[in-house]
Amino acid sequence: MNEGLRTGQVAEAAGVNIQTLRYYERRGLLPDPGRSPGGHRMYDDRAVTVLRVIKAAQRLGFTLDEVAELLEAGRHRHGRPVAGLQERAAAKLAEVDAKIADLTTIRTALVAAVAAGCDDLTVCADSDCCPIPFTALAQEHRRAGPCC
């Protein structure tokens, strides 16, 4: 390994700010870096890769806790197959599909509301021709979560 990369160099190469880099370090997503004789944090090239992986996983919808679990599973694999990315990616895909279905339902209702020219929600809600299924949405909300 060469002498390594300083904090600012790693952050810039990975496309994150220094505070993000330090936060990931505190969370244990990055191993503690070595120190230069002058006391500066010195990272190897792998730190840039790990940071890029973290940001890419977040863009795919993984939380930092999930990313930490995936990174930890990878660190302890030692050449053995470990239930990790495949299983978690499939679960995340199911979550995304559910969100897409919900958003499609919302979009359909909003398109109908715009087409119908709805301007007043309370008037529209009392109208038989209202395209927004207020009653159905309210019942669905009550089933999905706790009562307000």
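None of the figures in this text is laboratory data; all of them are computed from the coordinates on show. Bear in mind the structure is a predicted one, so any value in this text is a computation, not a measurement. Heads up, the Cβs are rebuilt from the backbone with ideal geometry, glycines too, and the neighbour counts pull from every protein chain shown.
May I ask you to list pairs of residues, at least six apart or on different chains, whose Cβ atoms are under 7 Å apart, with the first in the range 40-64 being more than 27 Å from K99 (Cβ to Cβ) and the second being part of a helix (DSSP H, G or I) and not charged (D, E, K, R)? Matching pairs, first to second residue: R41/T7; Y43/V10; A47/V10; V48/V10; V48/A13; V48/A14. Selection over the range 109-118 of residues that are loosely packed, with under 13 Cβ neighbours inside 10 Å and within 35 Å of the chain's Cα centre (by Cα) gives a count of 3.
Here's the yes/no breakdown for (1) of a type outside the set (G, A, S); (2) outside any helix (DSSP H, G or I); (3) surrounded by fewer than 14 Cβ atoms within 10 Å (Cβ to Cβ):
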| residue | (1), (2), (3) |
| --- | --- |
| T20 | yes, no, no |
| G38 | no, yes, yes |
| L51 | yes, no, no |
| A56 | no, no, yes |
| V67 | yes, no, no |
| L71 | yes, no, no |
| A101 | no, no, yes |
| R107 | yes, no, yes |
| C124 | yes, no, no |
